[in-house]
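Participant: Submitted below is the structure of interest, expressed as structure tokens.
Quick note: the coordinates plus some simple rules give every number you see, no bench work behind them. As the structure is a prediction and not an experimental result, all values here were calculated from the model. A quick note on method: Cβ atoms are made from the backbone with ideal geometry, for glycine too, and the neighbour counts reach across all protein chains shown.
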Ligand SMILES: NC(=O)c1ccc[n+]([C@@H]2O[C@H](COP(=O)([O-])OP(=O)(O)OC[C@H]3O[C@@H](n4cnc5c(N)ncnc54)[C@H](OP(=O)(O)O)[C@@H]3O)[C@@H](O)[C@H]2O)c1
């Protein structure tokens, strides 16, 4: 851990799942004083050895913190946890909401922040388990009109610790919209990779022959190889779970439909993630949407 300086803010991080754990470690490496809370305490406890204080209640974690970061599953869990944190909140604290919650829940959370006199920042992140562990996330950040230079400066050490790049956008909602658009592309690639591998197998085509055919061509994609390799190697160690990918596909579909679009691809993605979850693959990496191609829990 580097030595703490007077300019470093104290941070409360709520949620030490796949993403929160890596983010916490990088905050600690940057010398930022950190209190963490996680519903399942054992998932946060390894951070004690790195210098974090692990709290039993969200209110204890946020009490006195300059900046609160939420990295929880979805809008309802963020709302529930921040409501529980209420007794520890103080007017003027900055709340950087980094979970992917979609547009409707973002409004609810912004209202909760207004009620509590918190400075609300809409800060979803791009990148998965490894970029989170390596401090290489991209932070999409947007604040209210008054998210002045001084607020940006106050949160900069936090975003610099967890990310390689911060993209500032001009109003709450803009960061979530960019995140949804980006995840729309990721979900489409992921489900297409799984379905294409399943189709190859069902038609008696060697999936490796398919991968070799596209390699280096215009339709090639590193993401195809990443997800197809996970399927072929049967390695579903989660970087991003099927369950949460399904949540995102639903948020993308809702956002597009609210804007008047037919969201055929997001609908199909939501259906595939939902079916894979129902088959028992929800905790696996999103590559396991592949299993949605089959009737049972195993292909063939
Ligand atoms: N993984 C990625 O690639 C990635 C990338 C960018 C953004 N995101 C977004 O970042 C957020 C976290 O993702 P993750 O991959 O870190 O997920 P994760 O490993 O599944 O962690 C989810 C976290 O939310 C907590 N949680 C769930 N339901 C809760 C509830 N009702 N009350 C309190 N806590 C609850 C979990 O606590 P327990 O430990 O007790 O279950 C855990 O801390 C999600 O919004 C996700 O969409 C993920």
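Participant: Calculate log10 I(q)/I(0) of the chain for q = 0.07, 0.08 Å⁻¹, where I(q) comes from the Debye formula with a single equal point scatterer on each Cα and nothing for solvent.
Facilitator: For the chain at q = 0.07, 0.08 Å⁻¹, log10 I(q)/I(0) is -0.28, -0.37.
Participant: Starting with the highest mean, order 171-181, 260-270 by the number of other Cβ atoms within 10 Å, averaged over the residues of each peptide.
Facilitator: Peptide ranking by packing, descending: 171-181, 260-270.
Participant: For the peptides 230-238, 88-96, what is the packing order when you average, over each peptide's residues, the other Cβ atoms within 10 Å and list the highest mean first?
Facilitator: For the peptides 230-238, 88-96, the packing ranking is 88-96, 230-238.
Participant: For n ≥ 4 DSSP H runs only, could you compute -39500 (n - 2.57) per run for the chain, divide by its residues and tell me the 222 nm figure to the nearest 500?
Facilitator: It lands at -15000 deg cm²/dmol.
Participant: Would you order 223, 290 from fewest to most other beta-carbon atoms within 10 Å of each residue's own beta-carbon?
Facilitator: Listing 223, 290 from fewest to most nearby Cβ atoms yields 223, 290.
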